[in-house]
Amino acid sequence: MQSRLLPIMKRKHKHRGMYLSRLEQIQSPEDLRGLSDDELAVIAAEIRLRLIQVTAQNGGHLASSLGATDIIVAMHAVYNAPVDKLVFDTGHQAYAHKLLTGRQAGFSTLRQHEGLSGFIRKDESDYDVYDTGHASDALSIAMGLVLSRDLSDRHERVVALVGDAAMSGGMAFEALNQIGHEARDLTIILNDNEMSIAHNVGAFSLYLAKMRSSRPYIRTRDTIEGSLSRLGNPGRYLVDVGERMRDSMKLFLVGGSFFEDLGFTYLGPVDGHSIEHLRQVMLSSQQLAGPVLIHAYTTKGKGYLPAEADPELFHGASRFTVSTGVFLPKNEGKSYTEYFSDALVAEGGADPSIVAITAAMPKGTGLDAFKQSFPERFFDAGIAEEHAVTSAAGMALGGNLPVVAIYSSFLQRAYDQLMTNVCLMGQHVVFCLDRAGLVGEDGTTHHGVFDLAYLRTMPNMKVIAPASAQQLVDALHTALALDGPVALRFPRGEAYHLDGEKTTPLAPRMLDVGRAELLRSGSDVAFLALGSMVKQGLEAASLLEAEGISTAVYNMIWAKPIDTGLLASLTGYRLVVTLEEGTLMGGFGSAVLEAFADQAADLADSPRMPRVVRIGIPDDFVAHGTPQELMEDLQLDASSIAQKVRALYGEDQA
């Protein structure tokens, strides 16, 4: 069988009576300095092998990390981190950085509960400059570091490694504008692999393609300048003349000088897998004043044939077999994303005004099927959530019915656009928030736990949280039929089915706006459960019932508008418990308390006001781990809910 690993050099060196690989001898980046290019190439190859082994067991962002390995090795060999500040955009491509900065022993815990984060985390290492997770912010962080350095009269270097897709984000362009204007010393390394998660889109991607195609120009220029320089003073004079002609020549040969027009010195393109060339250009950049952009072209998935063949599949990989590149079965049924995908295709077939919009995530959000069925009605805005939301508002103004599918945590980036461009005008745009709630191993920056809190504050917005696959299909159908902005949120992973529902959803039905449904009767305690917490509520109610505590379970369905009629009928319960997989601060439970407060005058003559207890995500950022581990940590699992209610119910009876 042909090896799936591309050839690597294997060397062992005796160290303290043991044989250690080159990589195992690197305890800090300082150990890289003074090594030859060949030795660094061996270390890079060993890093790739380690990345493949660990992500095969734990899952992770493999393709991007493999592609950036050589650049990161060269960076640590040239720059003096942590004095010099190495800034990694997004951070999931920086696994090599973790291995080179004292974290080899714990690397097997990558993305595991209480183990190493899959992203850069400031509290994990002095070498980690800032917490990363969302693209296109590294240049702004780097600029802030540069300004702080210069104000304090320090002299460290600031270097930002940014992917080509991240450069398509609006925030990156905002940063480039100021960096060029300030003309301060800052190095940007553009990792150009022609991929983000899906293939890059947009004019900037086409511009980079022109830059990559200019390599003959680069080689010719270097050859001529080298020959002229050897002629002494006359030759150097001619080189100076040539430099003054550079912009017009490059405009003719390359078709643009975007970065140089902004005030950068552009170096490249350079082979991002040649450590020799990378080191040379990084060292050369240190002799230049002002902002420098090093353009390195790489192969996503470099060093592992399956990842090179399908970098999108191996972007965020689950567990797989190294020898074959085949992913291990998850033993899960059909996911919420798959049900949403099928339902949207069906709705799109019935209504030609429906269009689908994503922000560089067609596969992850399930829009790839809509794209295949209706390619002329599918639009990928790139990593630019703000633009995706506002362009959807424009399409609604033009008479279309836009469906914007974005991960919950990523929609946070478009808060102002949601408020001003959609809600203010009451535009009929449907937002489908995948990965709502706890997403697992991606951790802090990716948990979708804040959408309920910020969406429900927006005038004109309606928010639906279906509890099952069938209700997701119904919720989409209802959202498309309503007026004004509507958001529906659903979790990652296998879809839940309420009793009596088929695994193949029936034809979609209209939901009654703002109406909950009773799933289980009870007289002592009432669970008001939203979305994914309906399952936990039903299981907890069964545990309590066995102990003589009669518990009703309501599937609330709507976070906004909330079922105030139901709330007014709950005065006979000893305890009302809200259940949500979202932040308690301003979330669904807060909405229930606000509604009770608004009804207080009408309920003043009632014999008993219910005690309301909220269960959800505390006012903190949640770390990484499997969803089940995190649910138990946060006491959101059925057993923990039952235990808490048992104690509270006992207090009321005392």
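Things to note:
- Residue count for segment 399-416, restricted to those that are under 24 Å from Val439 (Cα atoms) and more than 19 Å from the chain's Cα centre (by Cα): 1
- Number of the condition not met by Leu544 [criteria: (1) under 18 Å from Leu452 (Cβ atoms); (2) touching a helix residue (DSSP H, G or I) at 6+ places or on another chain (Cβ under 6 Å); (3) open to solvent by less than 10 Å² (accessible area, probe 1.4 Å)]: (1)
Residues checked against (1) closer than 23 Å to Ala475 by Cα; (2) without any contact (Cβ under 8 Å) to a residue 24 or more places away in the chain:
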position: Val326; (1), (2): no, yes
position: Ala343; (1), (2): yes, no
position: Ala350; (1), (2): yes, yes
position: Ser353; (1), (2): yes, no
position: Ala356; (1), (2): yes, no
position: Ala360; (1), (2): no, no
position: Phe379; (1), (2): yes, no
position: Ile383; (1), (2): no, no
position: Glu386; (1), (2): no, no
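- Residues within segment 575-587 that are in contact (Cβ under 8 Å) with a residue 60 or more places away in the chain and within 22 Å of Asp524 (Cα to Cα), tallied: 4
- Scan of segment 36-52 for residues that are closer than 17 Å to Glu308 by Cα and open to solvent by 10 Å² or more (accessible area, probe 1.4 Å), ordered by number: Ala45, Arg48, Leu49, Arg50
- Hits in segment 114-156 - residues which are assigned to a loop (DSSP other than H, G, I, E, B) and farther than 27 Å from Arg413 by Cα: Glu114, Gly115, Asp126, Ser152, Asp153, Arg154, His155, Glu156
- Taking the criterion of being open to solvent by 20 Å² or more (accessible area, probe 1.4 Å) and among the charged types (D, E, K, R), the residues of segment 136-155 that qualify are Asp137, Asp150, Asp153, Arg154.
- Helices (runs of 4 or more DSSP H) completely within segment 357-464 that count 3 or more residues being open to solvent by less than 40 Å² (accessible area, probe 1.4 Å), at pLDDT 95 or above and farther than 29 Å from His113 by Cβ: 385-397
- Lone qualifier among Asp150, Asp123 - being out of contact with any strand residue (DSSP E or B) (no Cβ under 9 Å at 6 or more places or on another chain), farther than 25 Å from Thr265 by Cα and not β-branched (Val, Ile, Thr): Asp123
- Boolean, Leu579 is at pLDDT below 95, open to solvent by less than 20 Å² (accessible area, probe 1.4 Å) and either over 30 Å from Ser335 (Cβ atoms) or of a type in the set (A, V, I, L, M) (or both): no
- Segment 257-302, residues that are open to solvent by less than 40 Å² (accessible area, probe 1.4 Å), of a type in the set (Ser, Thr, Tyr) and not in a strand (DSSP E or B): Ser257, Ser274, Ser285, Thr298
- Residue within segment 308-321 that is at pLDDT 90 or above and in a helix (DSSP H, G or I) present: yes
- Subset of segment 53-78 (residues that are assigned to a loop (DSSP other than H, G, I, E, B) and open to solvent by 10 Å² or more (accessible area, probe 1.4 Å)): His61
- All positions within segment 326-356 that are hydroxyl-bearing (Ser, Thr, Tyr) and either under 24 Å from His428 (Cβ atoms) or assigned to a loop (DSSP other than H, G, I, E, B) (or both): Tyr336, Thr337, Tyr339, Ser341, Ser353
- Matching residues, segment 313-359, being closer than 26 Å to His446 by Cβ and of a type in the set (Gly, Ala, Ser): Gly316, Ala317, Ser318, Gly325, Gly333, Ser335, Ser341, Ala343, Ala356, Ala359
- Check on Leu305, open to solvent by 10 Å² or more (accessible area, probe 1.4 Å), over 19 Å from Arg111 (Cα atoms) and touching a Lys or Arg at 6+ places or on another chain (Cβ under 6 Å): yes
- Subset tally (residues that are touching a residue at least 40 places away in the same chain (Cβ under 8 Å) and under 21 Å from Arg574 (Cβ atoms)) for segment 480-529: 8
- Among the residues of segment 465-490, those that are within 27 Å of Gly426 (Cβ to Cβ) and outside any helix (DSSP H, G or I) comprise Ala465, Pro466, Leu482, Asp483, Gly484, Pro485, Val486, Ala487, Leu488, Arg489, Phe490.
- Test set (1) hydrophobic (A, V, I, L, M, F, W, C); (2) more than 26 Å from Phe340 (Cβ to Cβ); (3) surrounded by 17 or more Cβ atoms within 10 Å (Cβ to Cβ) - Ile557 fails condition number: (2)
The values are calculated or read from the model by the stated rules, or taken from the named source; none is laboratory data. Predicted, not measured: the structure shown is a model, and the values here were computed from it. As a convention, Cβ positions derive from the backbone with ideal geometry for all residues, glycine included, and neighbour counts pool all protein chains shown. These accessible areas exclude ligands, DNA and RNA; they are computed on the full protein's heavy atoms, side chains included. Shrake-Rupley method; radii C 1.70, N 1.55, O 1.52, S 1.80 Å.
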